[in-house]
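Below is one structure; the comments refer to it alone.
The values are calculated or read from the model by the stated rules, or taken from the named source; none is laboratory data. Quantities reported herein were computed from a predicted structural model and do not represent experimental measurements. Using ideal geometry, Cβ is built from the backbone for each residue, glycine included, and neighbour counts are taken over all protein chains shown.
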Amino acid sequence: MREHRPLPQGVWIGVALALVAGAALRLAWGGDVEFKYDEHWLFEHALVRGSGAFPGVGMRSSVGILNPGLSVWVFVVLARVTGAVTPIDLARAVQILNILALAAVALFALAAVEPREREAWMWGVALASVNPMAIVLARKIWQQSVLPVFTALVLVGWWNRGKPWGALWWGVAGACVGQVHAAGFFMTAGLVAWAFLFDRRSVRWRWWMAGAAAGLLPLVPWLLYVAGGATAAAPGAIAVLRLLELRYWLFWALEPLGLGLWASLGDHFTEFLATGPWYAVGILHITAVVLGLTLYAVVVARARQEGWSRFPVGADRTAFTTNAACIGCGVLMTASMAAIHPSYLNAVFPLQFVWLAYLLLGGAGSEALKRLARRALTGLCLVEVLISASFLQYIHVRGGAPGADYGVAYSAQPPGQTFKP
């Protein structure tokens, strides 16, 4: 395969600007964060001191059983490290953690990814930095919101799974990510299944098993809780018809394009589209759709030109990794027949963005198509910055989105607010 030339200076500048913009958007208007029952519960337990500070089990999940204790411990540690005493403080710690996760993936790409694969990772980081849904999740006191830093840790071990220390690290981090949120177990299982099926000789499995066993030790109290007669799953938690919904891949394909804020805004979304001069936000969304169609058309054109016979598995390490997240994790999560929400894809963040960028720019192929892809990606990054900024301004001016998933922003809530699950 022909080596790619070094990345142009413009790409480095663009990624740096995207990281700065993403950090600013995550930290902006700190009082406007979401604060409902889940956030309130985690905040209250994060500030507990004494013997009850690290409980064996956490908050009740959407399927009716309690989460593992590690889902709470993360916030306890964050509160103690940062000295957080208010919801705004703790949300700020989550925001900073997400910024660090993005920076860590960028550094990982520079240090570990081969030069010919690196451009896709840089574009992936740029898109993930300014993506509206990623920014919404990065500002919350929520288990899914802290998953990206664990995914970054998993990637380090996964990439070095042929070395004892890498396999051990992958085992530990992979076991922990699922205890923060159950979606993480699907991410880990997807990677394990993909490696076992298509590249098993590359893994130091004994070291991985030792790491996984160590990483599962914090899960013991939760396993005892389940064995002791945990509450049964809520009605409707499992539904066979979900096998046909393909929601994982719908979210996977749409999220990199900056589409999906309707999930947070609900009935407010139409009003949001009408904001700005001459319906500017609506025009931005139409532009995102056009750019997205252009990008996927480039993907199809490249596939027709090059054949991509090894596409389903992956011809190099980046393709292998992103396909493991896209196909391996997606198949397992869909096969579970549990409800899949957009936030669950934070368990593989930012691989959905890297995946799209790799399909556009990875490997050899038409330089004309790649130039078109780079221009469209640049335009998409700019559009997503503007959509994200418009969303934050909308929330700030209106005090949230009452009645929708976002709810009333923390700064607009009355003193003594009560919360119901």
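A Cβ distance below 8 Å, combined with a sequence gap of six or more or placement on separate chains, defines the contacts here; from region 249-269, residues that are over 25 Å from L332 (Cβ atoms) reach residues that are acidic (D, E) and surrounded by fewer than 17 Cβ atoms within 10 Å (Cβ to Cβ) in the pairs S264/D405; L265/D405; G266/D405.
So is W142 within 15 Å of the chain's Cα centre (by Cα), over 21 Å from V20 (Cβ atoms) and aromatic (F, W, Y) or not? For W142, the condition - within 15 Å of the chain's Cα centre (by Cα), over 21 Å from V20 (Cβ atoms) and aromatic (F, W, Y) - is met. Screening G58 against (1) of a type in the set (G, A, S); (2) assigned to a helix (DSSP H, G or I); (3) modelled with pLDDT under 95 leaves a single unmet condition, (2). When G362 is tested against the conditions (1) surrounded by fewer than 23 Cβ atoms within 10 Å (Cβ to Cβ); (2) at pLDDT below 95, the lone failure is (1).
Please determine whether any residue of region 64-78 is surrounded by fewer than 17 Cβ atoms within 10 Å (Cβ to Cβ) and part of a helix (DSSP H, G or I). Checked region 64-78: at least one residue is surrounded by fewer than 17 Cβ atoms within 10 Å (Cβ to Cβ) and part of a helix (DSSP H, G or I).
Residue check: is G58 buried (at least 21 other Cβ atoms within 10 Å of the Cβ), more than 30 Å from V125 (Cβ to Cβ) and touching a helix residue (DSSP H, G or I) at 6+ places or on another chain (Cβ under 6 Å)? Taking the combined requirement at face value, the residue satisfies it.
Any idea which of M187, M209 is of a type in the set (A, V, I, L, M, F, W, C), modelled with pLDDT of 95 or more and within 16 Å of C329 (Cα to Cα)? First the steps, then the outcome.
Numbers: M209 fails: within 16 Å of C329 (Cα to Cα).
Result of the check over M187, M209: M187.
Here is a list: V130, V203, V156, V149. Which entry is at pLDDT 95 or above, of a type in the set (V, I, T), under 21 Å from Y358 (Cβ atoms) and surrounded by fewer than 24 Cβ atoms within 10 Å (Cβ to Cβ)? I'd like the intermediate steps shown before the answer.
Numbers: V130 fails: surrounded by fewer than 24 Cβ atoms within 10 Å (Cβ to Cβ); V203 fails: under 21 Å from Y358 (Cβ atoms); V149 fails: under 21 Å from Y358 (Cβ atoms).
Matching residue, one of V130, V203, V156, V149: V156.
Taking helices (runs of 4 or more DSSP H) as the structural unit, those lying wholly within region 311-419 and holding at least 1 residues that are in contact with a Lys or Arg (Cβ under 8 Å, 6 or more places away or on another chain) and more than 26 Å from P148 (Cβ to Cβ) correspond to 367-398. Among the numbered conditions (1) more than 17 Å from I141 (Cα to Cα); (2) in contact with a Lys or Arg (Cβ under 9 Å, 6 or more places away or on another chain), tell me where W12 comes up short. Here W12 meets the rest and fails (2).
Is it the case that A93 is under 18 Å from the mean Cα position of the chain (by Cα), under 30 Å from K370 (Cβ atoms) and assigned to a helix (DSSP H, G or I)? Here the answer is no, as A93 does not meet what is asked. The set of residues from region 267-291 being closer than 26 Å to G403 by Cβ, polar (S, T, N, Q) and surrounded by 15 or more Cβ atoms within 10 Å (Cβ to Cβ) comprises just one member, T275. Among the residues of region 32-42, is any at pLDDT 95 or above and more than 26 Å from I340 (Cβ to Cβ)? So far as region 32-42 goes, yes, one or more of its residues are at pLDDT 95 or above and more than 26 Å from I340 (Cβ to Cβ).
Can I88 be described as closer than 17 Å to Y225 by Cβ, in contact (Cβ under 8 Å) with a residue 40 or more places away in the chain and surrounded by fewer than 20 Cβ atoms within 10 Å (Cβ to Cβ)?
No: the conditions fail for I88.
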